[in-house]
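For reference, the structure discussed in these notes is given below.
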Amino acid sequence: MALVVGFGSSALVEVLQMKAVPGRDASLSDLLTNTAGALLGVGLGSQWPALVFPSIRGSALLAGGWGGAWLLAAWATGLGLRPAPTRADWYGQWAPELGQFDRFPGRLLEARTAGTPTPRGRHPDTQAWRQRLTQRNYDVAARALLGPAPGRRIAPIVSVFDADQKEIVLLGQWGPDLVYRVRMGAARLRLRNPAVRLPGALGAPAESEVRVEGRLDGPRFRLDALTPTGANHLVVPFSPQWTWALLLPYEYALGAEAGLLTSLWLFGLLLPLGWWAGRAGPLGVPGAAALVVAGIAGTRVILAFDPAPAGEWLAAGSGALLGLALAAALRRLNKSASLR
């Protein structure tokens, strides 16, 4: 019953945001996280002894199920990080005024998308533009004069939307930061479309001329900014462990801290895997190790992503090892108590 109430109330809110509440966007990620929270609460409240202290067989099943769910989520996340162009006509926009964004307070002097000038309106060859989006080194570049600091929301400098008002690509300003995002497969499921930001790249005084560029360089984001104070550059490789970023209930852009946040996510996910694997008997430890290798390295090989950074290996291994250590400590404690 609690699950039905959680799902129903969340679905009602999302429908209202879609149809009745101006300035708000419905999101499948909100529905999923709210429903998952309700399910987790019901499960922990009614079944916590069986989840925390399961039998050997139950531990093996929980470890396998948890590891399998993690692998599935990583695989789906990796697929969700592929460009997803729409079929409707595309329209270029110079510093547009759109209800869901702030207006760029500067002046755009030049804009290029996929190596060609960005039109102010419908693109004469949307098909060619669409094909370019799915190729390597897709880029959006602009030359502009900065204005006063924009408001609290993203202010598009140059963007592309389709005839159905779906965002295809956006290069913009968010406070002093440069922000770039491209429509990915996650957007088709109304999950959070990942964005990347270059902190402080647009913090120069008003009337400063800047040159900015956002690029999809294979399985990674690249951001560049050239201002009177110097050049700034950032590369953020894709990770199949960005599930947390796709499920966020608020707008967020990944920066240099993305690796740390992903590591914390992995540590938390792999700790229960280690706990259940440690209680699952002799095959638990090698089974957990195999799942960690498959989840961290295997998904990246299959999806043609860059090799996993050391932080992901360290976080996943530390979480699993801590779970294993806690399970081993509890076994020793129980054995000592039984000998008294």
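The values are calculated or read from the model by the stated rules, or taken from the named source; none is laboratory data. In this text the structure is predicted, and so the values were computed from the model without any measurement. All Cβ positions, even for glycine, are placed from backbone atoms using ideal geometry, and neighbour counts span all protein chains on display. For accessibility, only protein heavy atoms count, side chains too; no ligands or nucleic acids. Shrake-Rupley method; radii C 1.70, N 1.55, O 1.52, S 1.80 Å.
The table below gives the values:
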| quantity | calculated |
| --- | --- |
| Checklist (1) of a type in the set (Phe, Trp, Tyr); (2) outside any strand (DSSP E or B); (3) touching a residue at least 12 places away in the same chain (Cβ under 8 Å) applied to Phe221, failing item | (2) |
| Hits in the range 142-159 - residues which are outside any loop (DSSP other than H, G, I, E, B) and surrounded by fewer than 19 Cβ atoms within 10 Å (Cβ to Cβ) | Arg143, Leu145 |
| Residue check for Ala294: open to solvent by 30 Å² or more (accessible area, probe 1.4 Å), touching a residue at least 60 places away in the same chain (Cβ under 8 Å) and part of a helix (DSSP H, G or I) | yes |
| Every pair of residues 6+ apart whose Cβ atoms lie under 6 Å, when the first sits in the range 160-182 and is farther than 11 Å from Leu198 by Cα and open to solvent by 30 Å² or more (accessible area, probe 1.4 Å) while the second is assigned to a loop (DSSP other than H, G, I, E, B) and of a type in the set (Val, Ile, Thr) | Lys166/Thr86 |
| Subset tally (residues that are outside any strand (DSSP E or B) and surrounded by 18 or more Cβ atoms within 10 Å (Cβ to Cβ)) for the range 85-101 | 5 |
| Cβ-Cβ under 6 Å pairs, at least 6 apart or on other chains, the range 147-159 side within 17 Å of Leu109 (Cβ to Cβ), far side among the hydroxyl-bearing types (Ser, Thr, Tyr) and in a loop (DSSP other than H, G, I, E, B) | Val158/Thr118 |
| Pair list, Cβ under 6 Å, 6 or more apart: the range 62-76 residue touching a residue at least 24 places away in the same chain (Cβ under 8 Å) and open to solvent by less than 40 Å² (accessible area, probe 1.4 Å), other residue assigned to a helix (DSSP H, G or I) and hydroxyl-bearing (Ser, Thr, Tyr) | Ala73/Thr243; Ala74/Thr299 |
| Single residue of Trp265, Trp275 found to be within 20 Å of Phe221 (Cβ to Cβ) and out of contact with any His (no Cβ under 9 Å at 6 or more places or on another chain) | Trp265 |
